[in-house]
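For reference, the structure discussed in these notes is given below.
What follows is calculated from the coordinates using simple rules that are stated; it is not laboratory data. Remember, predicted model here, so these are calculated numbers, not experimental data. Glycine also receives a Cβ, built like all others from the backbone with ideal geometry; neighbour counts cover every protein chain displayed.
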Amino acid sequence: MHHRNKGRILGRERNQRKALIKGLLASLVLHGRIMTTEAKAKETKNFIDQLVNKAKKAKQVDGVGQLAMVRMVRQRLPKDAADKMLSEEFVSRFSGRESGYTRVIKVEARKGDGARRAIIEFVS
């Protein structure tokens with residue numbers, strides 16, 4: 001049965017998968033656009049939308065709730081990427097949106113092994 005098993009395995013163990021997602025999230029925040037396989041891009045989209053929502057709420061809430069959200073964002077991203085995400089300019093880009101902060105654009109398959117690739121980028 002496949003009950004309560006959400007997310008993609010991506011051909012890796014749990015810890016390796018968490019590290020991969022953390023690296024993809026950091027690259028996306030720092031560069032704004034990355035090219036990867038389609039499965040990795042779709043999985044990254046789920047996580048980055050949650051993080052942007054938390055960063056937006058961290059700017060709106062005061063006190064203990066704000067501190068908890070900042071800690072959660074910093075836990076899931078490296079220091080430089082987390083600082084950029086929690087900055088005013090990054091959060092203000094998405095102040096008018098409730099969700100849908102990223103888009104996945106499918107591109108041609110990789111030449112070597114035929115893996116389906118995609119570009120994931122932030123919506124302006």
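Ranking Gln60, Val107, Ser87 by how far each Cα lies toward the positive end of the dipole of the stretch 34-122 (charges on Cβ) leaves Val107 at the top. Model label sites at Lys18 and Met1, defined 7 Å from Cα along the beta-carbon direction, differ in position by 2.6 nm.
Peptides 22-34, 77-89, 107-119, 3-15: what's the order by average Cβ count within 10 Å, highest mean first?
On the way: 22-34: 17.4, 77-89: 15.7, 107-119: 11.5, 3-15: 9.1.
With the highest mean Cβ count within 10 Å placed first, the list reads 22-34, 77-89, 107-119, 3-15.
Entry for the stretch 1-65 at q = 0.18, 0.20, 0.23 Å⁻¹: log10 I(q)/I(0) = -0.77, -0.88, -1.02, Debye formula applied to identical alpha-carbon scatterers, no solvent contribution.
Multiplying the residue separation of Ser95 and Ala39 by 0.36 nm and removing their Cα-Cα distance gives an extension gain of 17.4 nm.
Matching the structure-derived semi-axes √(5λ) of the Cα gyration tensor in Å against the labelled list [x] 23, 15, 14; [y] 27, 17, 13; [z] 24, 20, 16 gives the label [y].
Pairs Lys18/Lys79; Lys54/Lys111; Lys22/Lys59; Lys6/Lys59: which exceed 27 Å Cα-Cα? Provide the component values of the computation, followed by the final result.
Details: Lys18/Lys79 16 Å; Lys54/Lys111 38 Å; Lys22/Lys59 22 Å; Lys6/Lys59 30 Å.
Too far apart for the 27 Å limit: Lys54/Lys111; Lys6/Lys59.
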